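A.B. asks: Let me give you the structure first, and then I'll get to my questions.
The values are calculated or read from the model by the stated rules, or taken from the named source; none is laboratory data. Remember, it's a predicted structure, so these values are computed and weren't measured experimentally. Backbone-built Cβ (ideal geometry, glycine too); neighbour counts: all protein chains shown.
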Amino acid sequence: MADDSAASGPAISRRSALIGGTLAAASAFAFVRQPAVANPIVPEKTFDTWVPRQFGRWTSISESGVVLPPPDALRDRLYDNLVTRVYASASGVSVMMLLAYNNAQDGVLQLHRPETCYPVGGYALSDTREVDIPVGGRRIPANFFTATGPDRVEQVQYFTRLGDAFPRSWAEQRMAVIRANIAGDIPDGIMMRVSTLGMDAPEAETLLDEFSRSFILHSNARLQHLLLGATSST
């Protein structure tokens with residue numbers, strides 16, 4: 001009688017080799033197609049020097065008093081760079097600013113949006129309104145809301161850039177990351193948040209527009225690139 005194990009051995013071996021080869025090819029294809037980090041990390045000290053301490057009619061007077069993202073273990077992984085400044089004009093008006101940058105937004109670690117940070121600090125938020133910040137010949141998609149805390153009312157405006165997109169919501173932010181990943185990139189991400197006290201919303205929006213526009217136009221080319229993206233033109 002024929003030895004069935006001997007007869008089936010070569011077939012199993014050939015089948016295993018075929019499956020193994022197919023898996024190896026798939027792994028190689030996935031490795032080649034996996035998204036690549038598109039932007040290098042910016043050293044903290046370098047990033048800090050890019051943020052102007054004086055521009056236009058504004059001068060930096062402090063680095064404290066700005067509402068920060070939640071102080072959890074994840075925050076240090078979310079941002080390569082986190083800079084806070086309080087600026088004042090000669091007329092005594094103050095603006096608080098936060099810049100948060102990360103060179104790799106991979107869909108797992110993404111920028112916190114202010115609508116998450118402020119409630120953690122005990123603030124009640126108004127509905128978020130979509131606004132545009134005019135800079136040069138373009139308009140930057142941004143958001144605006146009022147944050148009411150136990151001891152102050154803060155008018156807040158911010159925008160985020162991920163790759164070449166300016167998402168206004170978590171859903172848009174996730175889609176921006178997915179589109180970049182499909183194109184073979186892991187995009188960088190930055191948020192610029194500005195706010196002020198002692199004003200109603202319309203007055204504050206005008207002030208924060210002016211502040212943001214002046215800050216961007218007076219920043220060096222490298223910070224402008226981070227704020228506005230590779231296709232920016234100011």
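A.B. asks: Suppose the filter is assigned to a strand (DSSP E or B) and either closer than 20 Å to E203 by Cβ or of a type outside the set (S, T, Y) (or both); does P150 pass it?
C.D. replies: Numbers: assigned to a strand (DSSP E or B): no; either closer than 20 Å to E203 by Cβ or of a type outside the set (S, T, Y) (or both): yes.
Taking the combined requirement at face value, the residue does not satisfy it.
A.B. asks: Right, another one. Take the residues in the stretch 137-159 that are farther than 18 Å from P119 by Cβ and at pLDDT 95 or above; name whichever of them is surrounded by the fewest Cβ atoms within 10 Å (Cβ to Cβ).
C.D. replies: Filtering the stretch 137-159 for residues that are farther than 18 Å from P119 by Cβ and at pLDDT 95 or above, the one surrounded by the fewest Cβ atoms within 10 Å (Cβ to Cβ) comes out as P141.
A.B. asks: A further question on this structure: Looking at the stretch 189-234, which of its residues are in a loop (DSSP other than H, G, I, E, B) and among the β-branched types (V, I, T)?
C.D. replies: Result: T231, T234.
A.B. asks: Here is a further query. Find the residue count for the stretch 143-171, including only residues that are in contact (Cβ under 8 Å) with a residue 60 or more places away in the chain and of a type in the set (G, A, S).
C.D. replies: Total satisfying the criteria: 2.
A.B. asks: Can you tell me how many residues within the stretch 118-136 are under 18 Å from L98 (Cα atoms) and crowded, with 20+ Cβ neighbours inside 10 Å?
C.D. replies: 3
A.B. asks: Any residue in the stretch 100-111 that is modelled with pLDDT of 90 or more and either buried (at least 19 other Cβ atoms within 10 Å of the Cβ) or assigned by TED's automatic domain parsing to the domain that holds A201 (or both)?
C.D. replies: Step one: filter the stretch 100-111 for residues modelled with pLDDT of 90 or more, giving 100-101.
Now restrict to residues that are either buried (at least 19 other Cβ atoms within 10 Å of the Cβ) or assigned by TED's automatic domain parsing to the domain that holds A201 (or both): 100-101.
Yes, the stretch 100-111 contains a residue that is modelled with pLDDT of 90 or more and either buried (at least 19 other Cβ atoms within 10 Å of the Cβ) or assigned by TED's automatic domain parsing to the domain that holds A201 (or both).
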